[in-house]
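Please treat every number below as a calculation from the coordinates, not as lab data. All values reported here derive from a predicted model rather than from experimental measurement. Heads up, the Cβs are rebuilt from the backbone with ideal geometry, glycines too, and the neighbour counts pull from every protein chain shown.
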Amino acid sequence: MSWSDARLRANRTRGARLAAATAFLALGALAAPGAAQAAAVTYYAAPSGSGNCLSAASACSLTTAITDAGNANGDNVTIDLAAGTFMGAETIMNGTETSLTLDGNAASSTTIDGSGGTTLSVTASAGVVVTIENLTLDGGNLDSSGGATVDTFDDTFTSGVVVSAGSLVVSDSTIAGNAGAGLLDEYNGTAAAVYGSTITGNAGGVAETGGARLTLGADLLASNGGSDCSGTISDAGYNYSDDTSCTWTGVSSHNNESGLAIGALASNGGGTQTERVAPTSVAYDVVPIGTTVGELQPFCSGTDQRGEPRAQGAASACSAGAYQYAPPVVTGVSPTASVEPGLPVTLSGYGLVDVASAEFGSTAATITSETAGSLSLEVPLSLSLGSQPITLTNADSSTLVSFNAVAGPAVSTSLLPPGQYDVAYSQALAVSGGGGPYTYALTSGSLPVGLSLASSGVVSGTPTRAGGAAFGVKVTDANGVSSTSFTVSLVIATPVISIDSARLKLSGSSLPVTLSCSGAPCKGIAGLTELVKTRVNGRVKAITVVLASVRYSLLSGQRDTVTLVLTPTGSHVLKHVKKHSREETLAVSAAAATTETSTVLVR
């Protein structure tokens, strides 16, 4: 099969227009001085359309839309093609429009199937710019045989591309699996060019038979029958081929490369199929940022066939061919590093447009929206508290464990260690989830007397009363996410007192009486404070010696013996009181909560 006979097969997918294409479109749309400015008109076509073309709801057939566009009298016309397969060959004839854009569905496949014939023939007049975007041309070929400039972007060709007249610029496209050449330029007039495209698996690669007017830049050619290149082809740089047939002249282009690592034609995101280029490829990130490759703007500032930005994050270069490897990379999350079950979370970064699934730990999350730089997820209601790795998986199976997301904060301390009466206390509340630093606040109840809760979560102070307390606390993390109120309990221990009565004897002949403590745990003793005289009919019947309390603290549940020494001083009083019981009662209290009494003999 000869190169000139080949009427090719090809593949292509969606991406952004490169500057060269924009320039062609702008030139085609220029009005003559004094002429009315061209209007922008959109027609709508669907595979089974039969309407008037004026809205998506009343879409017409593609043939009708092309005919109506040809009567547009100087307008810039866009035909919006719905997803699906348009059967039958189409021809763009001479018309009165200034420019015509065929735009397929960027998110879902749009195919024109010529069933073996010429799928799309462009015979429009010179000066008309025809742009083809987000389309797969199958079963035939694209034939530029008129005088128009044809710009093809983000397309998949499974038939070939033939330039028999006019001008053709192919950008960010895949041409694969054609029975003939991938692209044949047989026109010896206006130049043709292919930039940032992948040409593989065809009966032949690219052929120039019209006079060395074909230019390639940042293209990948591999596994083509016969040879990757035929004829004299201009090298705009950064071209890679897997045989020796392409006589590249630039030092940045490479022949006979065996490490291109190009995958099979598949749905890797966007509206058309692509061939994935792995990061192990020799063509991965070889075009430096800021480099122009036969275009009017830097190559890496555009997008690949899928619409994925070629410049990925902090990378200093981008890849040749139609596919830019873009593993998902997360640079930020809102709310930052903290998520709550059932609520949305948004990740920012790059390479996010092709994420097919997301998991928090081992729990799947729902993807609610995604773009190249932003991914929104719904956090699973069943997400456990604590740190959870988020795993993102691309449609091409590349994955990234982006960061550890954390469920909302919670106070994890429910019972603090017991404190002691009149002993300094300090204990921090523990927290789980969230992202620190944390701020604590009292929401209900009160702490034991003498203690307070700091915003840092530390309970501290010196208890002045024994007993238990329960109080509510909430915690707010650094991202402003607050927990519900959690109940925390704290007991200040109540000492148990035992008085050694055998040591308590009062020589009642002397007053007042001085009491002293013989050691720990006593903290202080006061002396006799008063005598209480009980009178009946004006006569003293009894005298009670009221002794001061002893203050000290003990651990919870501990029993200890208070040893007191009573030393009478002063005059003899009690023994002269008639009917004195010869006994007095000593009361010892601790922690303002317990009292122990014992009988004191008066001699």
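A few remarks follow.
- Rel. contact order, % - alpha carbon contacts under 8 angstrom, at least six apart, the range 19-288: 10 percent
- Under 5 Å between amide hydrogens, built in the peptide plane, is the criterion, and for T198 it picks out S173, T174, I175, L220, A322 among residues at least 5 positions away or on other chains.
- The range 70-92-the range 275-306 distance, computed between alpha-carbon centres (Å): 30 Å
- Mean-position separation - Cα centroids, the range 95-150 and the range 437-493, in angstrom: 72 Å
- Taking every alpha-carbon pair within the range 242-374, the share separated by more than 23 Å comes to 43 percent.
- Compared with the direct C-alpha span, the chain from A430 to T247 gains 58.9 nm at full extension, assuming 0.36 nm per residue.
- Spin-label model, R465 to N94: label points 7 Å out along the Cα-to-beta-carbon direction sit 10.4 nm apart.
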